[in-house]
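Working notes, structure below.
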Amino acid sequence: MEGALNYDLSKSALIIIDMQQGSFTSETPRYDDKGVINRINRLANLFRSLNGKVIYVQHDGTGSGTFEKGNWDWQILKELKIESTDYLLDKYVNDIFYRSNLLKYLGSAAIEELYITGCATDFCVASTVQSALTKDYKITVISDAHTTADRPKLKAKQVIDHYNWVWENMIPTKGEVKVKACNEIVNTFNEIV
């Protein structure tokens, strides 16, 4: 990764959605949680080193009794490494753009490309990908850096594989959608420089 330090990601942002303590409990096991956390940390370090933005998104359920701002379940997982240069954003529904400060922040930072990770694949991650498409962003979903839980009729791995396939086959607007694994991203940056 040393050679990648000359590449500039200043128009790109790594979005980390809902990687909060309340979503990763023994009652809500997530597929490959440790692997996803490690890959997110690896990507976040890469983005910081290449002038990219790192954005942590937290669901704020204030008034709902869960994910109340400041409470234990609202906190970002302790295994994730947050730096003072990272941007922390509250969201209130599945779509991270809805009534949040995200568009304003992305505009002020001149961000054109979003790299999307987080939890849960079939809810907040999927809603965010579709919303970002309608806003003409270039999107790369990190195929092995988003997670979910088993669902009534599908195992978590099946849900993740299905959504990766959907995103690979979506018709983009002015932007584009790519689905790449964490190692592909890291290797791409190493090949460019």
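The values are calculated or read from the model by the stated rules, or taken from the named source; none is laboratory data. Everything quoted here is computed from the prediction, not taken from an experiment. We place every Cβ from the backbone using ideal geometry, glycine too, and count neighbours over all the protein chains shown. Each accessible area value is taken on the protein alone, full model and side chains, heavy atoms only, with ligands, DNA and RNA left out. Shrake-Rupley method; radii C 1.70, N 1.55, O 1.52, S 1.80 Å.
Descriptive notes on the structure:
- Restricting Ile76, Ile82, Ile139 to those that are free of Cβ contacts under 8 Å to residues at least 40 places away in the same chain and farther than 23 Å from Trp167 by Cβ reduces the list to Ile82.
- Condition check for Asn94: open to solvent by less than 80 Å² (accessible area, probe 1.4 Å), modelled with pLDDT under 95 and among the polar types (S, T, N, Q): no
- The residues listed here are Leu14, Leu88; of these, the one that is modelled with pLDDT of 95 or more, open to solvent by 80 Å² or more (accessible area, probe 1.4 Å) and touching a Phe, Trp or Tyr at 6+ places or on another chain (Cβ under 7 Å) is Leu88.
- One residue stands out among those in the range 122-156 that are in a loop (DSSP other than H, G, I, E, B) and open to solvent by less than 30 Å² (accessible area, probe 1.4 Å): the one that is nearest to His59 (Cα to Cα), which is Thr148.
One line per residue, one yes/no per condition, for (1) basic (Lys, Arg); (2) more than 24 Å from Asn183 (Cβ to Cβ); (3) at pLDDT 95 or above; (4) open to solvent by 30 Å² or more (accessible area, probe 1.4 Å):
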site	(1), (2), (3), (4)
Ile40	no, no, yes, no
Trp72	no, yes, yes, yes
Leu77	no, no, yes, no
Lys81	yes, no, yes, yes
Thr117	no, no, yes, no
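- In the range 172-184, the qualifying residues are those that are closer than 13 Å to Ile139 by Cβ and of a type outside the set (Gly, Ala, Ser), and the one that is most open to solvent (accessible area, probe 1.4 Å) is Lys174.
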